[in-house]
Amino acid sequence: MARKYEISEALYEYALENSVKEPAITVELRDETFETERAARMVSSPEQMQFIAMLLKLIKPKKCLEIGVFTGYSALWMATNLPKDATLIGCERNARFEGLCRKYWKKAGVEQMIDLRISPAHETLNQLLENKEDASFDFIYIDADKLGYPEYFEKCLRLLKPGALMIFDNVFLFGEVVVKENINPILPDAMRAFNKMLHEDTRVDISILPLGDGMTLAYKK
């Protein structure tokens, strides 16, 4: 039986030092995000994106979807690791981030691969479903408003091909999911309920990974 031990901060840092090799272009975008955006911690961590990049190299998806683009950091990681003829549809409701996104996507030579749609994600998802794009996506990454996760899941499950993968970020909610008494319980309660719902859903196989702020891989059967 494998030993169980605490993944301490020192051990996590050791893993990062001996694993993460972040490209200069994503470092540059991440640094500018932290210099200019108060909500910069919404950026996915390098170790998460490096893991996702490896998955993309393995599965070679052609049609991808991201919900919650923010400054384009995760989209940049993904686009640079997708097949050259792949498309990534990005859902972002705040047009203020578009300039920073396109600046780095263009610099990396992947701007033409990313179809950025500035509108509430649910509107874009509804449009895709109305266009009869059910079961046509090879990969979906969700890192948006946490209260919207259950509805995102249901719509994305329809859009995802059988045998394909979707990933949810921030399922630990910065550690709040294991705090017994939260100052404001709305988000922690919602994330705990969502995590439990995914665990019990027989339409998907899941695995929660303790990378970054926790992310759940959901495989559509």
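For the chain, the relative contact order is 16 percent, taking Cα pairs closer than 8 Å that sit 6 or more residues apart in sequence and dividing their mean separation by the residue count.
Based on Cα contacts under 8 Å between residues 6+ apart, region 164-220 shows a relative contact order of 51 percent.
Highest mobility in the GNM of the chain, judged by mean-square fluctuation with C-alpha springs under 10 Å and restricted to Ala75, Ala164, Ala108, is found for Ala108.
Working note: Cα atoms of region 97-221, range along each principal axis, descending, whole Å: 46, 33, 25.
Its Cα centre serving as origin, the chain has a Cβ charge dipole (Lys and Arg +1, Asp and Glu -1) of approximately 660 debye. The local environment of Ala144, defined by Cβ-Cβ distances under 10 Å, has a net charge of -3 under the rule Lys, Arg +1 and Asp, Glu -1.
Please work out the Cα convex hull volume for region 89-129 and give it in Å³ per residue.
Working: hull volume 2.0 nm³, N = 41.
Per-residue hull volume (Cα only) is 48 Å³.
Solvent exposure of the chain amounts to 54 Å² per residue of accessible area, where only protein heavy atoms count and the probe is 1.4 Å. Computed log10 I(q)/I(0) for region 103-171 at 0.27 Å⁻¹: -1.25, from the Debye equation with unit scatterers placed on every C-alpha and solvent omitted. Using 0.36 nm per residue and subtracting the Cα-Cα separation, the extra length available between Asn94 and Leu55 on full extension is 11.2 nm. The helix-only estimate of mean residue ellipticity at 222 nm for the chain, built from DSSP H runs of length n ≥ 4 each weighted as -39500 (n - 2.57), is -12500 deg cm²/dmol after division by the residue total. Straightening the chain between Glu200 and Ser8 buys 66.2 nm, computed as 0.36 nm per residue apart minus the Cα-Cα spacing.
Running Debye on the chain with equal point scatterers at the Cα sites and no solvent, what base-10 log of I(q)/I(0) appears at q = 0.08, 0.09, 0.11 Å⁻¹? The Debye formula, applied to the Cα set alone, gives -0.28, -0.35, -0.54.
Centre-to-centre separation between the Cα atoms of region 177-221 and those of region 58-94: 23 Å.
Given their separation in residues at 0.36 nm each and the Cα-Cα distance between them, Asp31 and Tyr219 gain 64.4 nm when the chain is fully extended.
With +1 on each Lys and Arg Cβ and -1 on each Asp and Glu Cβ, how big is the dipole of region 1-87 about its Cα centre, in debye rounded to the nearest 20?
Values: 11 positive and 13 negative charges, 127 e Å.
Taking the Cα centre of region 1-87 as origin, the dipole is about 600 debye.
The values are calculated or read from the model by the stated rules, or taken from the named source; none is laboratory data. Everything quoted here is computed from the prediction, not taken from an experiment. Every residue, glycine among them, receives a Cβ derived from its backbone with ideal geometry; neighbour counts consider all protein chains shown. Surface areas here come from the heavy atoms of the whole protein model, side chains and all, with no ligands, DNA or RNA. Shrake-Rupley method; radii C 1.70, N 1.55, O 1.52, S 1.80 Å.
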